[in-house]
Amino acid sequence: MTVVANFLITGPPGIGKTTLIRSICSALGDQHLAGFYTEEMRRDGERRGFELVGLNGTRALLSHVDNRSPFRVGKYGVDIDSLDRFIQTLDCLAPAVDLIVIDEIGKMECFSAAFRHLAQRALASETPVVASVAHRGGGFIAEVKERWDVRLFDMGWDNRDHLLPLILGQLP
């Protein structure tokens with residue numbers, strides 16, 4: 001069995017993990033990528049929520065300050081039903097996929113059993129995964145970081161501009 005590395009990017013909020021994920025996707029544009037990234041929803045300069053953006057063009061609400069969900073991270077109510085429906089639209093485990101992209105394995109996403117299942121299956125697959133993962137967190141977040149088959153990049157202000165070529169150089 002061939003060992004395929006999974007590349008996890010962690011770091012504090014706002015350090016540029018999503019920007020790095022999007023840059024990796026852009027650099028690998030000719031390959032068949034599957035997965036998603038998150039996008040901030042802003043109004044009048046204030047972050048109001050997060051939207052999921054599938055690499056296949058689908059979009060879904062992840063969380064919003066006005067969402068009355070019992071699943072909360074800070075001021076954001078997480079829309080688990082929306083996340084679960086979104087997960088079903090992704091073709092991450094299709095045989096033709098060259099790279100699986102997950103942004104992010106975080107507290108909001110981990111409320112969803114469907115998301116955790118997808119992340120587990122993706123990381124255990126023979127297809128490489130590039131994912132961002134919350135800087136802090138126990139449970140599933142900690143488990144993912146401790147997997148034997150991951151390479152964890154801790155993104156900081158000192159190395160953030162060097163991670164793109166480093167990760168691209170290690171992808172199969």
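Taken together, the values in this text are just the output of simple stated rules run on the coordinates, not laboratory data. A quick note: this is a predicted structure, and the numbers were derived from the prediction, not measured. As a convention, Cβ positions derive from the backbone with ideal geometry for all residues, glycine included, and neighbour counts pool all protein chains shown.
The table for this structure:
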item	result
Rg [Å, one decimal], Dmax [Å, integer] - region 6-166, C-alpha atoms	14.9, 44
Label-point separation in nm, SER125 to THR58, each point 7 Å along Cα→Cβ	1.3
Potential extension, GLU46-LEU28 segment - 0.36 nm per residue separation minus Cα distance	3.3 nm
Normalised contact order of region 59-163, rounded percent, pairs of Cα under 8 Å and 6 or more residues apart	21
Options PHE140, VAL78, ALA34, ranked by Cα towards positive dipole end of region 6-166, top entry (Cβ charges)	VAL78
Ranked MET108, MET41, criterion: other C-beta atoms within 10 Å, fewest first	MET41, MET108
Likely footprinting exposure, CYS25, CYS92, fewest C-beta neighbours within 10 Å first	CYS25, CYS92
Cβ-based exposure ranking for LYS145, LYS107, in which fewest neighbours within 10 Å come first	LYS145, LYS107
Rounded to the nearest 20 debye, dipole of the chain from Cβ charges on Lys, Arg, Asp, Glu	440
Pairwise centroid distance, computed over Cα atoms, of region 62-115 with region 21-53, Å	13
Rounded tilt (10° steps) of 80-89 against the dominant C-alpha axis of the chain	40
Length added when fully stretched, ASP98-HIS117, from 0.36 nm per residue minus Cα-Cα	4.9 nm
